[in-house]
């Protein structure tokens, strides 16, 4: 093939003036199929009902490639269809501006212009159009023109798998897979007259990671979420009112920076046990549990008045005569939801008689879906993996550690959870000493926000970190869209690449 001197490349909308070139290009591109070109009225219909879906690439003013598309209500077609079905007998009456999927009707590059990556440009345009129109994704029936060479040896399904693992070369299917389209199913009798593919096609789909389901009302999920972490100083308080005055001071501070979340540490209210030092440790913490309901009520009031979602760290609570370590998510819309520590430490069980809870779940907020694990729970990777399977974006970990080695366990495990679950992880702990409270003598903490480790994130996976063992707040912004991009295009894809064929994880 002679080298083409390229002076100008442009991508423009298709018009009827392009039709003569379009007809000739189709005849040259589909030599194995007879009468394989669109008629003038069909092209006119497409350009009238959906002009931005019909584009051409021109090189030096000459038509080099074409992409034709419509929008469909995919629920009517996703289970199986033919080309005739999806085009409504080639009339395109299946197109609807209220649909949810961009469907590829045709795409090709003239033979003399192949090898210039023009097809990628057309696919990239479709993806951008899909994102701009807020559609779920792109779908089309992909031909498998080399299948006729193997039809006596294998089924279409086997053929597709061998193409996927590079044992067989199929120029069309290979190209589509390399452009991030994934095979969804085999379509039988898809395109009449496609002898090379034996009328089989592969339903190929591309998911728009930025798609937002249309909702009634004005509320939308935020993409940039601001986290406010409170590194709490343990000190003496006269009563619960004085403790909550200090808590309100921090809520006021982080909300003043327009934070979306305020995260308190585990057992931040432990100083109130000082008044019960005359009791045993087990009795003293049960007395502390009597304050929990009132503290939660106050936090809910603060979340509304300061317009911020508050994660209350954790507090002791007695439920059905069982001592648990629990916390509450107080949303700024007034909703209050509860979470439990599932794994209590040996010390919590031995000294206090505390037991582990049973509730593991994610929480929907106005800033996306979050998970909350209390301290020791983050050291069990299966918990956060279950939350990730439930589409968690941010994991919050309120913790309390007395020594630096205990803190290191929480920190290192939390950072691992961010990498393996493709999410953000925020940890907040307490600092200082409580000499007047038994079993709560010293605390060590450095509050942090962790990210995955890929090009869009900090190289060390640390978004922000507090000064160790100092009372302070830590403010950090996290971009939820970066998580979507990581899941699809990351250097490694920890969630997608799991070997579910050899293991599974499920919640009872």
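The values are calculated or read from the model by the stated rules, or taken from the named source; none is laboratory data. Just so you know, these numbers come straight off a predicted model, no measurement behind them. Counting neighbours? That spans all protein chains shown, and the Cβs are built from the backbone with ideal geometry, glycine included.
Taking into account only those residues within region 345-364 that are touching a residue at least 24 places away in the same chain (Cβ under 8 Å) and either within 24 Å of residue 294 (Cβ to Cβ) or assigned to a helix (DSSP H, G or I) (or both), which is farthest from the chain's Cα centre (by Cα)?
Per the stated criteria, the residue is 351.
Of the residues that sit in region 400-433 and are touching a residue at least 60 places away in the same chain (Cβ under 8 Å) and part of a loop (DSSP other than H, G, I, E, B), which one is surrounded by the most Cβ atoms within 10 Å (Cβ to Cβ)?
Selected residue: 429.
Would you point out the residue of region 120-133, among those that are closer than 16 Å to residue 171 by Cβ and either without any contact (Cβ under 8 Å) to a residue 60 or more places away in the chain or touching a helix residue (DSSP H, G or I) at 6+ places or on another chain (Cβ under 6 Å) (or both), that is surrounded by the most Cβ atoms within 10 Å (Cβ to Cβ)? Break it down into steps so the answer makes sense when it comes.
Quick first cut of region 120-133, residues closer than 16 Å to residue 171 by Cβ only: 120, 122-123.
Of the ones still in play, those that are also either without any contact (Cβ under 8 Å) to a residue 60 or more places away in the chain or touching a helix residue (DSSP H, G or I) at 6+ places or on another chain (Cβ under 6 Å) (or both) are 120, 123.
Details: 120: 12, 123: 21.
Ranking the candidates gives 123 first.
I need the full set of residues from region 221-250 which are surrounded by 17 or more Cβ atoms within 10 Å (Cβ to Cβ) and within 22 Å of residue 364 (Cβ to Cβ), in order please.
Once the filter is applied, which keeps residues that are surrounded by 17 or more Cβ atoms within 10 Å (Cβ to Cβ) and within 22 Å of residue 364 (Cβ to Cβ), region 221-250 yields 225, 226, 227, 228, 229.
Restricted to region 145-164, and to residues that are more than 35 Å from the chain's Cα centre (by Cα) and surrounded by 15 or more Cβ atoms within 10 Å (Cβ to Cβ), which residue is nearest to residue 213 (Cα to Cα)?
So the residue we want is 145.
How about region 80-97: which of its residues are touching a residue at least 12 places away in the same chain (Cβ under 8 Å) and in a loop (DSSP other than H, G, I, E, B)? Quick ask: steps written out before the conclusion?
Our first condition is that a residue be touching a residue at least 12 places away in the same chain (Cβ under 8 Å); within region 80-97, this holds for 80-84, 86-87, 90-92, 94-97.
Result: 80, 81, 82, 87, 90, 91, 92, 94, 95, 96, 97.
Does region 155-162 contain at least one residue that is free of Cβ contacts under 8 Å to residues at least 12 places away in the same chain and either outside the structural domain of residue 42 (by TED's automatic domain parsing) or in contact with a helix residue (DSSP H, G or I) (Cβ under 9 Å, 6 or more places away or on another chain) (or both)?
no
I want to confirm something. Restricting to region 366-392 and keeping residues that are buried (at least 23 other Cβ atoms within 10 Å of the Cβ) and closer than 20 Å to residue 332 by Cα, which single residue is nearest to the chain's Cα centre (by Cα)?
Looking at the filtered set, the residue picked out is 392.
When both residues are 6+ apart or on different chains and their Cβ atoms are under 6 Å apart, which pairs have a first residue that lies in region 44-66 and is free of Cβ contacts under 8 Å to residues at least 40 places away in the same chain, and a second that is crowded, with 22+ Cβ neighbours inside 10 Å and assigned to a loop (DSSP other than H, G, I, E, B)?
Between residues of region 44-66 that are free of Cβ contacts under 8 Å to residues at least 40 places away in the same chain and residues that are crowded, with 22+ Cβ neighbours inside 10 Å and assigned to a loop (DSSP other than H, G, I, E, B), the close pairs are 47/54.
State whether one or more residues within region 134-144 are at pLDDT 95 or above, in contact with a helix residue (DSSP H, G or I) (Cβ under 6 Å, 6 or more places away or on another chain) and surrounded by 19 or more Cβ atoms within 10 Å (Cβ to Cβ).
yes
Give, as residue ranges, the strands (runs of 3 or more DSSP E) completely inside region 261-321 that count at least 2 residues that are farther than 20 Å from residue 349 by Cα and assigned by TED's automatic domain parsing to the domain that holds residue 430. Talk me through it step by step, then tell me what you get.
Numbers: elements: 261-263, 309-311, 315-319.
Strands (runs of 3 or more DSSP E) meeting the threshold: 261-263, 309-311.
So, in region 98-118, exactly how many residues are in contact (Cβ under 8 Å) with a residue 40 or more places away in the chain, within 23 Å of residue 39 (Cα to Cα) and outside any loop (DSSP other than H, G, I, E, B)?
Total satisfying the criteria: 7.
Residue 251: in a helix (DSSP H, G or I), farther than 30 Å from residue 349 by Cα and touching a strand residue (DSSP E or B) at 6+ places or on another chain (Cβ under 8 Å), yes or no? Even if it seems obvious, please write down each step before you answer.
Working: in a helix (DSSP H, G or I): yes; farther than 30 Å from residue 349 by Cα: yes; touching a strand residue (DSSP E or B) at 6+ places or on another chain (Cβ under 8 Å): yes.
For residue 251, the condition - in a helix (DSSP H, G or I), farther than 30 Å from residue 349 by Cα and touching a strand residue (DSSP E or B) at 6+ places or on another chain (Cβ under 8 Å) - is met.
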